[in-house]
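S.K.: Mind having a look at this structure? Questions to follow.
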Amino acid sequence: MQCRSNCGACCTAPSISSPIPGMPNGKAAGEPCIQLLDDYRCALFGNPSRPKVCADFHAAEYTCGRNREEALTILIHLEDETSPNQTGLLKRISQ
């Protein structure tokens, strides 16, 4: 599966603990990455300064669903289920 246009869910939903150019402490779950462009593309795509976790992520139907909204829901759910803090992000966004 190829990344879909105008999505960027993987640049918003999950937390990233490694440094990102412009975000030296990474980013919180639900916070858009500073490198996310207005058209939801990554400004660092293909750049060696892109975090390894981002470069290693590959779009797949089980994580990306059929559209941006499904991708956000799936990735937020995965973030909640794997977070040691049980952030409850899905509940906060759904309200």
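S.K.: Limited to segment 1-16, what total is found for residues that are of a type in the set (V, I, T) and more than 14 Å from L37 (Cβ to Cβ)?
M.R.: Of the residues in that region, 1 qualify.
S.K.: Give the residues of segment 41-64 that are surrounded by 18 or more Cβ atoms within 10 Å (Cβ to Cβ) and part of a loop (DSSP other than H, G, I, E, B), sorted by residue number. Outline the logic, then answer.
M.R.: Filtering segment 41-64 down to residues surrounded by 18 or more Cβ atoms within 10 Å (Cβ to Cβ) leaves 42, 44, 51, 54, 63-64.
Listed by number, the residues that qualify are L44, P51.
S.K.: Here is a check on your reading of the model: is I34 aliphatic (A, V, I, L, M) and modelled with pLDDT under 95?
M.R.: No.
S.K.: Which pairs do you get when a residue that is within 17 Å of M1 (Cβ to Cβ), found in segment 68-82, comes within reach of a residue that is in a helix (DSSP H, G or I) and not polar (S, T, N, Q), reach meaning Cβ atoms under 6 angstrom, with the pair 6+ apart or on two chains?
M.R.: From segment 68-82, the pairs are R68/A9; A71/A9; A71/C64; L72/A9; L75/A9.
Yes or no, residue by residue, for (1) touching a helix residue (DSSP H, G or I) at 6+ places or on another chain (Cβ under 6 Å); (2) touching a residue at least 24 places away in the same chain (Cβ under 8 Å):
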residue	(1), (2)
C10	no, yes
A13	yes, yes
G22	no, no
N25	no, no
L36	yes, yes
P48	no, no
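The values are calculated or read from the model by the stated rules, or taken from the named source; none is laboratory data. Nothing here was measured: the structure is a model prediction, and the numbers come from that model. Neighbour counts are summed over all protein chains in view; Cβ atoms, including those assigned to glycine, are modelled from backbone coordinates with ideal geometry.
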